[in-house]
Ligand code: BTN
């Protein structure tokens, strides 16, 4: 389905695509607006951080786009995800906002992004450290035709999309630690929190929340996670623009959702297994009150971890906390 872009997105796209100046006539004509309305739009974009040069009689040139913006993200997202977008300076948790919007009927693909979260949520009731202006905090409303027992596929799908996007944009060697930790050099660079509302036979809606540490400096990590967490900046030694990275995540998610719909789960599971840092390793998994040690043999078709215990019996684990033990 072709999506219609808003005027601001189309203007940003037009300026981005041009190698130099775009005349007022061309821009106004493409958007179907008068020169005065175009001038108003240009100034509104400038107020939101777009550096746009204007030359009388020649036109407009995009000198620099802000490092992270709704317009940039919407103009680069090519699938259905991001058609509707809420971009906030600050919120408690983008997952809470997205769950609220989904309950009110927000369509599949609605994206909520924040520059900062005051109550960022991690898995298992943990807190997600969410300082301002550095990282990606993004939640996506999905309305997939899936049985609730297959909800885990959405987490696997999102972790594959995040891993592919980070590899593509940064060249880092990204791995996934079961169930959905995005890791580089054995440290956590990102995580995924899935929340769902379901009928007995179908998921009514799901929210996939993704937190990716992008430009967080070593000194920004609280002592409690300093040794176990990392960021793209820490790993590559340089800052990265968040707009193309977040857009790549949405685009990979769109592609994987299409593949899941058309070809079933096999291609997704294959990709997840290829990216996994867990399979074949000796691990300790805590599921609720129980802690099990064994070898991670694989994941089944529902994304459950298959653990071979020391008595050689196999156990399937749906969710939990996993650490490598050697
Ligand atoms: C984990 O514990 O690994 C999951 C972390 C998920 C964090 C993201 S940040 C965007 C979204 N909003 C939240 O409150 N949490 C998720």
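No value in this document is a laboratory result; all are computed from the given coordinates. This is a predicted model, so every value here is computed, not measured. When we count neighbours, we look across all protein chains shown, and the Cβ atoms used for this are built from the backbone with ideal geometry, even at glycine.
From the mean inverse distance of alpha carbon pairs (Kirkwood) and the Cα radius of gyration, derive Rg over Rh for segment 49-161. Spell out each step's value before the answer.
On the way: Rg = 17.1 Å, Rh = 16.1 Å.
Computed over Cα atoms, the ratio is 1.06.
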Rh_Kirkwood(segment 273-326) over Cα pairs, Å, one decimal, evaluates to 11.0 Å
Rg/Rh of the chain (Cα atoms, Kirkwood Rh), to two decimals, equals 1.02
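What is the gain in length, in nm to one decimal, between residue 56 and residue 26 on full extension, counting 0.36 nm per residue of separation less the C-alpha to C-alpha distance?
Stretched out fully, the residue 56 to residue 26 stretch lengthens by 9.4 nm.
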Longest principal axis of the chain (C-alpha) makes with the long axis of helix 94-103 (C-alpha) an angle, in degrees to the nearest 10, of 80 degrees
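R0 = 25 Å: FRET efficiency of residue 223 with residue 149, Cβ-based, nearest 0.05?
0.05
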Would you mind computing, in nm to one decimal, how far apart the modelled labels at residue 16 and residue 266 are, each placed 7 Å from Cα along Cα→Cβ? 3.6 nm
Once both axes come from the Cα atoms, what is the angle between helix 7-17 and the longest principal axis of the chain, in degrees from 0 to 90, rounded to 10? 90 degrees
In what sequence do 253, 281 fall when counting other Cβ within 10 Å, fewest first? 281, 253
From the Cα gyration tensor of segment 186-239, with a ≥ b ≥ c the square roots of its eigenvalues, which class applies: rounded if a/c is under 1.5, or else prolate if a/b is larger than b/c, or else oblate? prolate
Pair residue 103, residue 34: separation of 7 Å Cα→Cβ label points (nm): 4.5 nm
